Amino acid sequence: MKKAVLLMCLTIFVFSTFFAANFPTKPITYVVCFDPGGESDITARIQQPYLEKILGVPIVITYKAGGGGATGWSELVNRATPDGYSIYGTNLPHIILQPIQGGVPYKTEQIENIYFFQTTPCTLVVPIDSPIKTFEDFVKYASGKKSVLIGGSGQPSANSFATLRLAKVAKLNLTYVPFTGTGTAVPALLGGNVDALMTYSTVSVQYKDKLRTIAIATEQRVPFLPDVPTFRELGYDVVEKAFRGVAVPPGTPAEIKRILEAAFAEVNKNPEVRAKMEEIGFVMEDYNEEQSKELVARLIPYYKELWDETQKMGK
Amino acid sequence: MASFQYLLSAIPQILTAKILFLMIGGVGIGLVIGALPGMSATMGVALFLPLTYWMTPSESLVFLGSLYMAAIYGGSFSAILLRTPGTPSNIGTTFDGYPMAKQGKGWQAILIATYSSLYGGLFGMICFLIFAPMLARIALRFGPPEYFWLGIFGLTVISSLSRGNTLKGFIGGFIGMMISFVGVAPIGGNVRFTFGSSHLISGFGLIPALVGLFCIPEVINMVIQRGQKQLFIEAKVEKGTALRIFVEVMKKQLDLIRASIIGFIIGVLPGAGGNIANLVSYSEAMRASKHPEKFGTGVAEGVIATETSNNATVGGGFVPLMTLGVPGTPVDAILYGALLIQGLRPGAELFTTRADVVYTFIVGVIAATLIMVPIGLLFGKGMTKVVYKIPIHVLVPVILLLTMIGSYCVQNNISDVYTMLILGVLGYILRRFGFEAGPITLGLILGPIAETGFTQGLLMGRKLDYPWTVFFIRPISWVLIVLSVLFLLWPLIRKQSPSVGGVKQ
């Protein structure tokens with residue numbers, strides 16, 4: 001019996017090293033769980049040629065949109081083959097919030113993130129021609145108002161939580177109006193249907209000539225928006241962002257994960273990649289598999305608390 | 001007239017061999033994708049986006065723009081020949097196009113669709129050139145309350161889409177709205193009516209639903225009428241038909257212009273597109289017609305209305321995309337991504353900083369619309385011949401296979417195939433009881449728009465003393481409310497003045 005187990009372990013070991021030594025030998029499918037053309041797609045497209053060079057195989061980008069990413073992530077944990085040839089883009093807080101909300105057939109813990117490569121911090125923006133020039137102006141404008149309308153993408157989302165948090169620490173009456181994405185949120189602000197947007201750094205950069213960013217929800221200022229103060233500098237503890245990373249199906253051999261993890265790390269540290277991403281408004285981050293796990297574990301209770309708060313507000 | 005100068009200088013740009021090749025390629029691919037049931041223009045553009053990463057910005061935009069324009073037109077082929085809207089923009093084309101085909105006038109219907117698409121496409125692009133900056137500002141004033149009323153206004157179209165029985169039409173629209181509620185809520189993100197099934201999380205997709213509701217009942221009918229060998233009456237096409245129909249279509253300037261304007265305006269509004277435009281335009285054509293009762297039996301005006309308006313939305317959709325940097329339709333969202341990847345930021349400054357790109361794009365799409373006609377007619381003729389010759393027992397499995405592939409391809413998701421089949425059977429049963437697919441799909445399309453506008457509107461109302469009033473204090477809302485009431489009461493108004501309906505026997 002013992003021998004049999006030993007033999008099995010040995011086979012698995014030999015098999016897996018054999019496997020690892022030969023990984024990858026065929027094209028890898030990189031699944032984007034949102035529509036083409038969005039931030040996740042653009043990220044994958046920037047990474048694609050560099051990944052191909054490092055791994056030596058074609059990287060095929062496909063899409064599985066639906067349910068705010070839930071359709072793709074359900075497939076990732078329930079149906080995808082754990083051989084390293086299918087990898088999926090993942091997002092925080094999405095993969096934490098969806099299971100908390102319920103109704104999705106995956107658990108946060110089932111998603112094996114191997115790398116988180118960037119974030120889009122929340123930013124508070126107003127139209128460029130608005131009389132609100134600074135965050136102080138915004139506070140003055142909002143104080144004593146029955147309500148101030150803050151648009152953003154999705155609910156619950158990093159945008160909605162940042163608004164919730166800001167309302168709480170700055171003691172302002174903010175009403176969060178969720179939109180289906182930045183594609184509808186930006187015109188709502190430009191058309192004066194909301195007073196401001198709690199959006200992402202990518203929007204702040206891409207609409208620089210139409211929108212003024214008055215504060216950013218990061219720990220430190222970001223290089224591509226050097227004049228924008230952080231909420232913390234202004235005396236309000238609001239730090240909120242969305243992470244973008246990549247995961248493999250549960251049960252993927254450790255050796256294969258190492259190879260993919262190393263490839264993503266190398267791509268992410270490439271100065272060309274960093275420059276391209278920062279130009280669009282992404283903040284570069286580097287969380288390897290171990291650190292990604294810690295990050296998710298740390299954020300789960302945090303988002304549970306925020307979710308409970310949102311639920312109370314709704315009542 | 002700086003723009004005119006740019007326009008002229010763009011003409012030689014598109015006359016290079018490479019751009020011409022890309023235009024023809026884009027049109028060809030677009031036609032095939034449009035004609036395949038389940039493959040929408042959005043999908044086609046998304047599918048071929050990666051090909052453009054190695055092109056220059058102008059090449060990329062001309063290629064994708066040509067593909068987009070041709071896909072919306074190509075969707076009329078399957079609408080006419082298979083009673084399946086090739087894209088959501090061709091729903092209304094099935095109403096009159098398919099009866100025409102069954103009467104042996106399929107080729108004529110395709111000719112009508114071709115000329116109408118050409119007209120609408122050019123009209124939309126020219127309006128885009130002239131009115132873009134002005135309209136972009138108006139489109140911005142369209143906030144959540146307006147979208148709510150737009151949804152309601154859209155629903156009033158049902159009163160004309162449901163021939164004979166308005167009540168059944170509204171029930172159908174209601175059923176469509178109920179179906180649209182399944183899945184993750186557009187606002188708030190709650191998961192609703194999924195009954196614990198993971199297949200239903202993302203709800204019932206519009207494209208699988210369309211394919212199911214329109215095509216499957218027809219397939220079931222074909223199987224039931226087993227005795228019949230051929231679906232269509234084979235009719236001889238005389239020489240010179242193409243020219244004769246061209247003259248006939250061009251004589252209907254009023255219909256063409258009405259449909260073009262409706263398509264263009266709906267295209268300008270962010271979030272609304274050809275899927276709404278073709279139905280509204282159909283209903284308006286019927287309202288304006290001297291013989292509305294003939295609609296649905298195979299009249300040319302029905303096909304003209306839908307096919308003109310859907311191609312006019314293309315130019316309309318470019319307005320917010322190119323002037324505000326805000327995508328108006330799903331396809332425009334992908335084009336937005338394409339521009340970003342090229343290192344260009346869509347928006348008004350693109351017209352000055354990269355005028356070469358913008359004007360090459362505009363001229364390129366206009367040229368592609370013209371190229372679309374000969375290629376489309378060649379393709380349409382072939383498809384007509386093939387479909388007319390296939391016996392039913394071959395046609396049925398081929399159509400079924402196509403619908404399944406099409407539904408699966410939308411999101412590479414088997415759930416969509418189930419959606420298509422289940423809604424197909426449901427659609428068949430409902431049709432037996434007099435509930436048409438048109439109003440149901442309208443409910444399906446407008447449900448999320450009205451719902452999102454309603455919820456966001458109520459949140460906006462928190463600024464006011466009485467939140468509800470937000471829906472009644474804005475000028476564009478008033479216009480939409482008045483229009484809704486007027487159109488809802490139209491059948492009554494019409495009945496009370498018999499002179500409007502012409503002489504009735």
Any idea of residue A:81's accessible area? Nearest 10 Å², probe 1.4 Å.
80 Å²
Using protein chains only and a probe of 1.4 angstrom, how many square angstrom of residue A:45 are accessible, to the nearest 10?
20 Å²
List the residues of the stretch B:288-329 whose accessible area drops by at least 20 Å² when all protein chains are present, compared with their chain alone, using a 1.4 Å probe and counting only protein heavy atoms.
B:324, B:326, B:327
From the residues B:260, B:64, B:95, which one has its Cα farthest along the dipole of chain B in the positive direction, the dipole being from +1 and -1 charges on Cβ of Lys/Arg and Asp/Glu about the Cα centre?
B:95
Rounded, prolate or oblate for the stretch B:1-106? Axes are the square roots of the Cα gyration tensor eigenvalues, ordered a ≥ b ≥ c, and the cut-off for rounded is a/c under 1.5.
prolate
If you count the DSSP beta bridges with both ends in chain A, what percent of them are antiparallel, to the nearest 5?
60 percent
What FRET efficiency would be calculated for the residue pair residue A:279, residue A:258, taking the C-beta separation as r and a Förster radius of 30 Å, to the nearest 0.05?
0.45
Using a Förster distance of 45 Å, the FRET efficiency for residue B:131-residue B:226 (Cβ separation, nearest 0.05):
0.25
Carbon and sulfur: what percent of chain B's accessible surface (1.4 Å probe)?
71 percent
For the pair residue A:26 and residue A:60, the simple spin-label estimate (label points 7 Å beyond Cα toward Cβ) gives in nm 0.9 nm
If you place +1 on the Cβ of every Lys and Arg, -1 on the Cβ of every Asp and Glu, and leave all else neutral, what size is the dipole of chain A about its Cα centre, to the nearest 20 Debye?
540 debye
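Over the protein assembly as shown, average the accessible area per residue using a 1.4 Å probe and give it in Å², no decimals.
Values: 32480 Å² over 820 residues.
Averaged over the residues of the protein assembly as shown, the accessible area is 40 Å².
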Which of A:72, B:35, A:162 sits closest to the plus end of the dipole of the protein assembly as shown, meaning its Cα is farthest towards the positive end, when Lys and Arg get +1 and Asp and Glu get -1 on the C-beta?
B:35
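Taking the Cα centre as origin and putting +1 on Lys and Arg beta-carbons and -1 on Asp and Glu beta-carbons, what dipole magnitude results for chain B, to the nearest 20 debye? Don't skip to the answer; put the middle values down first.
Numbers: 33 positive and 19 negative charges, 227 e Å.
The calculation lands at about 1080 debye.
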Would you tell me the accessible area of residue B:383, worked out with a 1.4 angstrom probe on the heavy atoms of the protein chains, in Å² to the nearest 10?
40 Å²
If you take the accessible area of B alone, add that of A alone, and subtract the area of the pair, what total do you get in Å², probe 1.4 Å, to the nearest 100?
3500 Å²
For the stretch B:1-158, build the charge dipole from Cβ charges (+1 Lys, Arg; -1 Asp, Glu) around the Cα centre, then report which of B:150, B:115, B:7 sits farthest towards its positive end.
B:115
Are there DSSP H segments in chain A that both extend 20 Å or more along their axis (alpha-carbon positions) and score a mean Kyte-Doolittle hydropathy of at least 0.5? List them, or say none.
A:2-21
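Leaving ligands and nucleic acids out of the surface, order B:451, A:279 by accessible area at 1.4 Å, largest first.
On the way: B:451 40, A:279 130 Å².
In descending accessible area the options line up as A:279, B:451.
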Between the chain alone and the structure with every protein chain in place, find the residues of the stretch A:24-64 that drop at least 30 Å² of accessible area; heavy atoms, 1.4 Å probe.
A:36, A:37, A:42, A:45, A:63, A:64
Determine the dipole magnitude for the protein assembly as shown: charges of +1 sit on the beta-carbon of Lys and Arg, -1 on that of Asp and Glu, nothing else is charged, the reference point is the Cα centre, and the result goes in debye to the nearest 20.
2160 debye
Please label the shape of the stretch A:223-306 as rounded, prolate or oblate, based on the square roots a ≥ b ≥ c of the eigenvalues of the alpha-carbon gyration tensor (a/c under 1.5 means rounded; beyond that, a/b larger than b/c means prolate, else oblate).
oblate
Gyration tensor verdict on chain B (Cα atoms; rounded if a/c is under 1.5, prolate if a/b is larger than b/c, oblate otherwise)
rounded
Could you run the Karplus curve 6.51 cos²θ - 1.76 cosθ + 1.60 with θ = phi - 60° over the stretch A:226-238 and give me ³J(HN,Hα) per residue in whole Hz, x for Gly and Pro?
x, 8, 8, x, 7, 4, 4, 4, 7, x, 10, 7, 10
Test assert for the stretch A:81-114: residues whose accessible surface shrinks by at least 30 Å² between chain alone and all chains, 1.4 Å probe, equal A:101, A:103, A:105
With a point put 7 Å past each Cα toward its Cβ, work out how far residue A:52 is from residue A:305 in nm, to one decimal.
4.6 nm
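The values are calculated or read from the model by the stated rules, or taken from the named source; none is laboratory data. Just so it is clear, the model here is predicted, and its values are computed rather than measured. Every residue, glycine as well, gets a Cβ built from its backbone with ideal geometry; the counts of neighbours run over all protein chains shown. Ligands, DNA and RNA are excluded from the accessible area calculation, which covers all protein heavy atoms including side chains. Shrake-Rupley method; radii C 1.70, N 1.55, O 1.52, S 1.80 Å.
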